[in-house]
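Enquirer: I have a structure I would like to understand better, so I am pasting it below and will then ask my questions one at a time.
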Amino acid sequence: QLDVPLFAAAMRACGAAIVSTPTLARRWRQLEPKQPIQVLPNLAPPDLLAARRRPRFFRRRPRLVMATGTKAHKQVWIEELAPALAELFSRHSELQLDLLGQLQLPLVLQIYADRIRCYPFSDYGTYIQRLGEADIGLVALEPGTYTDAKSAIRWMEFSYLGLASVLSPTSTYTEFLEEGIHTRFARGREQWVEQVEQLLANPRECRAMAGRAQERAMDLFGFHRAEDFWSPLI
């Protein structure tokens, strides 16, 4: 309520605007239809480029990972994803989980704490290293305008590191990615269980999907995108 009017005032003072997602561009065009606006996605940083690796088959004990840099999205974590993970843990005794950032272990997962690693904030290089130790990445977001406008950064990181993924179907993700080709989408506890189960049951297809995702991420977020964007303006 406080920040948005300040951002809007700053943007109106500009001759043009650059935003990171099509959702942001559409929203701003609704508010300021005469102001020029362009989209430049958040691109892969050097540490992520250096850590890129080919997708691999699951290890003996498959590892899931969820990461967040904010205290938001707690509702979907507690009400949807955590109960789904508890069910998956009950079915698969070898399954493991890493939680990175501002995520606390809810009660439903406490009995599986010996199979869960919780890491606090770290420098980006360490974060990328920990993220790359997993096999499947999870992104759980509440539906809404705010999450629809978020960049695809987490999926980009998963894909560069060779991970398959299951994501909440926000506008940014569904505009860029095809279901079953680059990722799997889930909304609600049952879908989270079903989509992760399908990946665990089909390691060959999971690896193939991770490979397609990596190619898509490199196309969407490689440095050539910056050159294509800035060259005509410069």
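Throughout, read-outs are computed from the coordinates displayed, never taken from laboratory work. Computed from a predicted structure; not experimentally measured. Here the Cβ positions follow ideal geometry from the backbone for every residue, glycine too, while neighbour counts run over all protein chains shown.
Enquirer: Nearest 10 degrees is fine. How inclined is helix 189-201 to the longest principal axis of the chain, computing both from alpha carbons?
Expert: 70 degrees
Enquirer: Need one number: the % of Cα-Cα pairs in segment 171-216 sitting beyond the 13 Å mark. Working shown, then result.
Expert: Numbers: 589 of 1035 pairs.
Looking at segment 171-216, the distances longer than 13 Å represent 57 percent of pairs.
Enquirer: Same structure, new question: So which residue, out of I116, I78, I37, gets the largest mean-square fluctuation from a GNM of the chain using Cα contacts under 10 Å as springs?
Expert: Of I116, I78, I37, the Gaussian network model singles out I37 as fluctuating most.
Enquirer: Something else now. Can you work out the Karplus-derived ³J(HN,Hα) for every residue in segment 110-119? Use 6.51 cos²θ - 1.76 cosθ + 1.60 with θ = phi - 60°, whole Hz, and x for glycine or proline.
Expert: Each residue of segment 110-119 in turn: 4, 6, 10, 4, 6, 10, 10, 10, 10, 10 Hz.
Enquirer: Most fluctuating residue of A86, A67, A186 in a GNM of the chain with Cα springs under 10 Å: which is it?
Expert: A86
Enquirer: I've got another one for you. Looking only at trypsin sites (Lys or Arg not before Pro) in DSSP loops with at most 13 other Cβ atoms within 10 Å, what is the longest site-free stretch of the chain? Spell out each step's value before the answer.
Expert: Details: sites that count: K34, R53, R56, R59, R60, K71.
With trypsin sites (Lys or Arg not before Pro) excluded where exposed in loops, the chain gives 72-234 as its longest stretch.
Enquirer: Count the net charge of all other residues whose Cβ sits under 11 Å from the Cβ of E205, scoring Lys and Arg as +1 and Asp and Glu as -1.
Expert: Numbers: positive: R184, R204, R207, R212; negative: none.
Local net charge: +4.
Enquirer: If the elastic network links every pair of Cα atoms under 10 Å, which of D148, D47, D135 fluctuates the most in the Gaussian network model of the chain?
Expert: Result: D47 has the largest fluctuation of those listed.
Enquirer: Rounding to the nearest 10 and keeping the result within 0 to 90°, find how far the Cα-based axis of helix 203-221 lies from the longest principal axis of the chain.
Expert: 20 degrees
Enquirer: For T147, what charge total do you get from the other residues with a beta carbon under 14 Å from its beta carbon, if Lys and Arg give +1 and Asp and Glu give -1?
Expert: Result for the local shell: +1.
Enquirer: Restricting to DSSP H runs of at least four residues, report the calculated mean residue ellipticity at 222 nm for the chain, -39500 (n - 2.57) per run over all residues, nearest 500 deg cm²/dmol.
Expert: When only DSSP H runs of four or more count, the value is -13000 deg cm²/dmol.
Enquirer: Sticking with this one: Output the 0 to 90 degree angle, nearest 10, between the alpha-carbon long axis of helix 82-91 and the longest principal axis computed from the alpha carbons of the chain.
Expert: 30 degrees
Enquirer: Roughly how compact is segment 1-70, stated as its Cα Rg over 2.2 N^0.38 Å to two decimals? Write out the running numbers ahead of the final one.
Expert: Numbers: Rg = 18.9 Å, N = 70, 2.2 N^0.38 = 11.1 Å.
Against the empirical 2.2 N^0.38 Å value, I get 1.71 for segment 1-70.
Enquirer: Roughly speaking, what is the stretch gain from S93 to Q30, that is 0.36 nm per residue apart minus the C-alpha to C-alpha distance, in nm to one decimal?
Expert: Details: separation 63, 0.36 × 63 = 22.68 nm, distance 5.05 nm.
That pair, S93 and Q30, stretches by 17.6 nm at full extension.
Enquirer: Are there any GluC sites (Glu not before Pro) in segment 44-133 that are in a DSSP loop and have at most 13 other Cβ atoms within 10 Å? List them by number. Walk me through the intermediate numbers first.
Expert: Working: sites: E79, E80, E87, E94, E133; in loops: E94, E133.
Passing both the DSSP loop test and the Cβ count: E94.
Enquirer: Send over the Kirkwood Rh of the chain, from the inverse of the averaged 1/r over different Cα pairs, rounded to one decimal Å.
Expert: Values: mean 1/r = 0.0532 Å⁻¹.
By the Kirkwood definition, the hydrodynamic radius is 18.8 Å.
Enquirer: Now for a different question. With just the Cα atoms defining each centre, how far is segment 141-199 from segment 86-126? Give it in Å.
Expert: 19 Å
Enquirer: For segment 1-117, what ratio Rg/Rh do Cα atoms give with a Kirkwood hydrodynamic radius?
Expert: Working: Rg = 20.6 Å, Rh = 18.2 Å.
Using Cα coordinates only, the ratio equals 1.13.
Enquirer: What do you get for chymotrypsin sites (Phe, Trp or Tyr not before Pro) in segment 70-155 restricted to DSSP loop and a cutoff of at most 15 other Cβ within 10 Å of the site's Cβ? List each step's numbers first, then the result.
Expert: Details: sites: W77, F89, Y112, F121, Y124, Y127, Y146, W155; in loops: F121.
Within segment 70-155, the qualifying chymotrypsin sites (Phe, Trp or Tyr not before Pro) (loop, at most 15 other Cβ atoms within 10 Å) are F121.
Enquirer: Taking 1 over the mean of 1/r across every pair of different Cα atoms in segment 96-234, what Kirkwood radius in Å do you get? Show your work: numbers first, answer last.
Expert: On the way: mean 1/r = 0.0614 Å⁻¹.
One over the average 1/r among Cα pairs gives 16.3 Å for segment 96-234.
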